[in-house]
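Presented below is the structure to which this report refers.
Computed from the coordinates by the stated procedures, all read-outs in this text should not be read as laboratory data. Nothing here was measured: the structure is a model prediction, and the numbers come from that model. Backbone-built Cβ (ideal geometry, glycine too); neighbour counts: all protein chains shown.
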Amino acid sequence: MTAILTAEGLTYNYETSSGFVEALKGIDLSVFKGEHVAVIGSNGSGKSTLLKHFNALLVPKQGIVRVKGLDTHKNSNIARIRQICGMVFQNPDNQIVATTVEEDVAFGPENLALPSTEIKKRVIEAMETTDINFLAASPPHNLSGGQKQRVAIAGVLAMGSECLLLDEPTSLLDPRGKEDTMNLIKNLHKNAGITIMHITQSMEEAALADRIIVMNSGKVIYTGKPDEVLSKVEKMKEWHLEAPAMAVLAEKIREAGVNLPSGIIHMDELVESLCS
Ligand SMILES: Nc1ncnc2c1ncn2[C@@H]1O[C@H](COP(=O)(O)OP(=O)(O)O)[C@@H](O)[C@H]1O
Ligand SMILES: [Mg+2]
């Protein structure tokens, strides 16, 4: 497996008027090409600060971050790093840069100084993949939250990014927008081989990843497969996170004396185990 994102001893502190805030305290981490990693952790645990390092929006105060081997400390690497790793944030309104959807999607590739035929091709492909062609001429600010996030993701795809960094992209969306966005993310992962690093507060969304990274107080405190991490009901409580309802229910049933296998996080698993 090839690592696309690596952090070695990554330490970061914010300087504020009242002193230093230690946001990341020596993170060692690799994300592999084609992987879908979810990052969970309570508020202020350092998730967003970590993600911004892989887009070179922040550079380590100590340690090294590399994107496809490129050190984020080197200014000459930054443009390439931002092309490899595109970032999508929580608030879709803050990401709109143009007056039509098509122009918005074209904004990134235009800055890469590509021939206009190539830009056009990429924009059309990205709008197809994200299912927003029918919105091409619409003003982005009129779209639903879910559609705006699809425009933002299309912009990243049009840059030719291999890796998508998502910082709670669904948290401000309605249920339909959340579902559409998650379907798109899964589709990009599965069918386009895009590497995904996804910060989420939703354990249902985290359950869809290949691997979960748990953060607490600026450190990675646990990493494992979703069923392994999310079924640790007591640990999740310690980490100030809420285990999925089915994991909690399975734990209660075990406590009542029924023998259930470990790692239950989905309803169908629980039903199957109870009925067999
Ligand atoms: N711009 C900033 N200035 C000062 N402190 C910050 C800034 N951004 C984040 N922090 C602090 O850094 C820590 C980690 O924040 P953050 O990475 O946003 O965590 P998370 O995304 O997990 O909620 C928190 O203590 C937060 O208050
Ligand atoms: Mg955050």
ask   = List the aspartates and glutamates whose alpha-carbon lies under 17 Å from that of residue 219, not counting same-chain residues fewer than 8 positions away?
value = 8, 22, 28, 238
inquiry  = Once R0 is set to 35 Å, what does the formula 1/(1 + (r/R0)^6) return for the Cβ-Cβ distance between residue 22 and residue 75, expressed as a FRET efficiency to the nearest 0.05?
reply    = 0.85
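Rounded to whole Å and sorted largest first, what semi-axes of the equivalent ellipsoid does the C-alpha gyration tensor of the chain yield via the square root of 5 times each eigenvalue?
33, 25, 16
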inquiry  = What does DSSP give for the range 164-269 in terms of the percent of beta bridges that are antiparallel, rounded to the nearest 5?
reply    = 55
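Can you give the FRET efficiency for residue 268 and residue 223, using 1/(1 + (r/R0)^6), R0 = 25 Å, r = Cβ-Cβ distance, to the nearest 0.05?
0.45
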message = Under 17 Å from a point placed 7 Å out from the Cα of residue 62 along the Cα-to-Cβ direction: which residues of the range 21-36 have their backbone N that close?
response = 21-29
query = What ranking of 199, 194, 221 emerges when the number of other C-beta atoms within 10 Å of each C-beta is taken as an exposure proxy, fewest first?
reply = 221, 194, 199
request  = Divide by every residue of the chain the summed helix terms, -39500 (n - 2.57) for each DSSP H run of at least 4, and state the resulting mean residue ellipticity at 222 nm, rounded to the nearest 500 deg cm²/dmol.
outcome  = -11000 deg cm²/dmol
request  = Sort 89, 54 so that the residue with the fewest other Cβ atoms within 10 Å of its own Cβ comes first and the one with the most comes last.
outcome  = 89, 54
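Take every DSSP beta bridge whose two residues both sit in the chain, then give the antiparallel share in percent to the nearest 5.
Given both bridge residues lie in the chain, the antiparallel proportion sits at roughly 55 percent.
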remark   = Rounded to the nearest Å, the spacing of the alpha-carbon centers of the range 149-178 and the range 199-276 is 26
key: residue 125-residue 91 FRET efficiency (beta carbon distance; Förster radius 25 Å; 0.05 resolution)   = 0.45
request  = Can you check what the net charge comes to around residue 225, using other residues whose Cβ is under 9 Å from the Cβ of residue 225 (Lys, Arg +1; Asp, Glu -1)?
outcome  = -2
note = Subtracting the Cα-Cα distance of residue 254 and residue 190 from 0.36 nm times their residue separation yields 19.5 nm
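Output the pairs from 61/121; 178/252; 25/148; 68/186 with a Cα-Cα distance over 31 Å in this structure; if there are none, say none.
61/121; 25/148
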query = Fewest first, what order do 97, 59 take by the number of other Cβ atoms within 10 Å?
reply = 97, 59
